[in-house]
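A.B. asks: Okay, handing you the structure first.
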Amino acid sequence: MTKLIKLSERLTTIARQVPKGSRVADIGSDHALLPCYLVQNGQAVHAIAGEVNDGPLEAARKQVREEKLEAFIDVRGGDGLAVIQPGDVDVITIAGMGGSLIVKILTADPSKLQGVQRLVLQPNVGEDTVRTWLLQENWLLINEHLLEEDGKFYEVIVAIRHEEAEEQNEALYANNPLESFGIPVSREQLIWMGPYLLAQRNDAFASKWSSEKGKIERIIQTMQQSQAPEAKEKEQAFGALVKQIEEVLQCMQKDRP
């Protein structure tokens with residue numbers, strides 16, 4: 001039996017979101033570690049490793065050859081979804097880039113999403129941009145995972161095609177995970193923090209938002225040195241974000257036994 005490729009915790013989390021028997025396109029595949037693992041583990045019956053840059057493209061080809069998976073994995077050079085044709089795959093994974101770039105890739109040619117039933121997305125920043133796009137395009141958000149690895153925080157966002165996506169998304173974003181604490185939560189806050197992540201509130205969530213709070217407070221300190229009227233408005237807006245984070249972190253302290 002072929003020994004499974006060892007993945008980072010981040011890639012392992014992404015891999016867990018891929019159903020058994022999928023046809024997968026991994027966009028920005030780098031060394032094709034994820035497609036190789038998915039095929040070896042029986043989760044993918046076929047995979048496409050897409051990469052736009054020559055160096056990683058060659059590294060992906062080398063990896064697939066070494067694992068003797070050429071019959072199951074196509075390594076294709078191209079920008080974003082240019083590496084697939086409509087109906088090629090039913091799962092798309094995109095990881096390790098900004099949320100705006102992920103959305104740009106997904107919107108460049110909507111026909112390429114034909115037949116795709118699941119998106120597994122891991123933006124490094126701009127997670128709210130991804131959630132907003134999923135909402136606008138009626139992809140049903142079914143799960144989110146937040147982990148910390150090597151001092152960095154990663155959110156994995158999973159969405160599927162669903163007949164009742166619009167109605168179920170509305171219900172999801174109308175729910176208040178902090179209702180029992182008597183704290184209001186807006187739709188915008190859920191898009192910002194993640195509805196499932198806010199409900200789960202794990203240790204990585206606490207660490208991430210403590211860190212984000214510190215970053216915003218440093219921005220506010222810089223703004224306080226400015227005399228411009230717009231700086232005062234922005235300072236108030238950022239202050240409101242700090243208050244939201246503080247309320248969530250206080251709830252987490254109350255959660256603890």
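A.B. asks: Pairs only if they're at least six apart or on different chains, beta carbon under 8 angstrom, first in region 61-80 and within 16 Å of Gln43 (Cβ to Cβ), second open to solvent by 30 Å² or more (accessible area, probe 1.4 Å) and modelled with pLDDT under 95; list them, first residue then second.
C.D. replies: Final answer for the pair search is Glu67/Thr2.
A.B. asks: Hey, another quick one. Are there any pairs with C-beta distances below 6 angstrom linking a residue in region 230-257 that is touching a residue at least 60 places away in the same chain (Cβ under 8 Å) and within 13 Å of Leu198 (Cα to Cα) to a residue that is open to solvent by less than 70 Å² (accessible area, probe 1.4 Å) and of a type outside the set (D, E, K, R), with the two at least 6 apart or on different chains, and if so which?
C.D. replies: Final answer for the pair search is Glu247/Ile183; Cys251/Leu178; Cys251/Phe181.
A.B. asks: Turning to a different aspect of this structure: Search region 224-257 for residues being open to solvent by 40 Å² or more (accessible area, probe 1.4 Å) and among the acidic types (Asp, Glu), and hand back the single one that is nearest to Val185 (Cα to Cα).
C.D. replies: Our first condition is that a residue be open to solvent by 40 Å² or more (accessible area, probe 1.4 Å); within region 224-257, this holds for 224-227, 229-230, 232-234, 236-238, 240-241, 243-244, 246-247, 250, 253-257.
After this cut, where a residue has to be among the acidic types (Asp, Glu) as well, the list is 230, 233, 246-247, 255.
Details: Glu230: 26, Glu233: 22, Glu246: 13, Glu247: 10, Asp255: 17 Å.
Going through the qualifying residues, I end up with Glu247.
A.B. asks: Is there a residue being modelled with pLDDT of 95 or more, in a helix (DSSP H, G or I) and not polar (S, T, N, Q) anywhere in region 226-234?
C.D. replies: no
A.B. asks: Taking Leu106, is it assigned to a strand (DSSP E or B), out of contact with any Lys or Arg (no Cβ under 7 Å at 6 or more places or on another chain) and within 21 Å of Ser22 (Cα to Cα)?
C.D. replies: no
A.B. asks: Could you give me the residue pairs with C-beta distances under 7 Å whose first residue belongs to region 189-211 and is at positive phi, whose second residue is at pLDDT below 95 wherever it lies, and which are 6+ apart or on separate chains?
C.D. replies: Cβ pairs passing all conditions: Arg201/Met252; Arg201/Asp255.
A.B. asks: Counting only residues that are open to solvent by less than 60 Å² (accessible area, probe 1.4 Å), not in a helix (DSSP H, G or I) and not aliphatic (A, V, I, L, M), how many does region 152-201 have?
C.D. replies: The total comes to 8.
A.B. asks: Condition first: loosely packed, with under 14 Cβ neighbours inside 10 Å and of a type in the set (Ser, Thr, Tyr). Now tell me which residues in region 74-94 satisfy that.
C.D. replies: none
A.B. asks: Answer with yes or no whether Val24 is open to solvent by 30 Å² or more (accessible area, probe 1.4 Å), among the hydrophobic types (A, V, I, L, M, F, W, C) and either in contact with a Cys (Cβ under 7 Å, 6 or more places away or on another chain) or not in a helix (DSSP H, G or I) (or both).
C.D. replies: no
A.B. asks: Follow-up question, since we're still on this one. Look through Ala71, Ala47 and report the one residue that is modelled with pLDDT of 95 or more, open to solvent by 50 Å² or more (accessible area, probe 1.4 Å) and small (Gly, Ala, Ser).
C.D. replies: From the options Ala71, Ala47, the qualifying one is Ala71.
A.B. asks: Please find, within region 21-42, the residue that is nearest to Leu106 (Cα to Cα) out of those that are without any contact (Cβ under 8 Å) to a residue 40 or more places away in the chain and under 20 Å from the mean Cα position of the chain (by Cα).
C.D. replies: Pro35
A.B. asks: State which residue is nearest to Glu212 (Cα to Cα) when the search covers only region 95-127 and only residues that are open to solvent by 60 Å² or more (accessible area, probe 1.4 Å) and either of a type in the set (A, V, I, L, M, F, W, C) or in contact (Cβ under 8 Å) with a residue 40 or more places away in the chain (or both).
C.D. replies: Residue satisfying both the conditions and the ranking: Val125.
A.B. asks: Could you check region 29-43 and list, in sequence order, the residues that are more than 14 Å from Ile84 (Cβ to Cβ) and open to solvent by less than 10 Å² (accessible area, probe 1.4 Å)?
C.D. replies: Keep residues of region 29-43 that are more than 14 Å from Ile84 (Cβ to Cβ), which gives 30-34, 36-43.
The answer is Ala32, Leu34, Cys36, Leu38.
The values are calculated or read from the model by the stated rules, or taken from the named source; none is laboratory data. In this text the structure is predicted, and so the values were computed from the model without any measurement. So basically every Cβ, Gly included, is an ideal-geometry build from the backbone, and we count neighbours across all protein chains shown. For the accessible areas, the whole protein counts, side chains as well, though only heavy atoms, and no ligand, DNA or RNA atoms are used. Shrake-Rupley method; radii C 1.70, N 1.55, O 1.52, S 1.80 Å.
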